[in-house]
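Everything below concerns the one structure shown next.
Read-outs throughout are calculated quantities, based only on the coordinates presented, and are distinct from any laboratory measurement. For clarity, every value in this text was computed on a predicted model and none was experimentally measured. Neighbour counts run over all protein chains shown; Cβ positions are idealised from the backbone, glycine included.
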Amino acid sequence: MDFNPLLLASGKRKSAFLPYKPSNTVLTNLQRGNTEANIPSEICLNFHEKTGQGEITEEQVRAEHAVDVPDSNQFTPLHWACYYGQLAAATILIKYVLP
């Protein structure tokens, strides 16, 4: 359906997604001033948290000295990867731990 201003004016709208009245003014959030302009700093994650997000590589696993060491909650990186469904991370960990 093409946009037709006369159809809108007649009150015979057939779609809820069409605007009620045409508007030529478009304000962005920055123009309104209702956004935070600072860029957040990078968040540092430990090895356990990275495995939970699936953000590990084989090189990182080889360089990690404590692949099987549990964290403060008694979870190993493999627990984190499995709990959050990170199959690729779990596969890398299993490959490294069980040669």
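Values computed for the structure shown
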{"item": "Computed lengthening from I94 to Q60, 0.36 nm per intervening residue step minus Cα-Cα distance", "result": "10.9 nm"}
{"item": "Long-range HN-HN contacts of T76 with modeled amide H, under 5 Å", "result": "D71"}
{"item": "Whole-Hz couplings from phi, Karplus 6.51/-1.76/1.60, listed for segment 68-74; x for Gly and Pro", "result": "9, 7, x, 8, 5, 9, 6"}
{"item": "Label point 7 Å beyond Cα of L87 along Cβ direction - residues of segment 43-72 with amide nitrogen under 19 Å", "result": "51-58"}
{"item": "Over segment 47-97: Kirkwood hydrodynamic radius from C-alpha pairwise inverse distances, Å", "result": "10.3 Å"}
{"item": "T76, T57 arranged by Cβ crowding within 10 Å, fewest neighbours leading", "result": "T57, T76"}
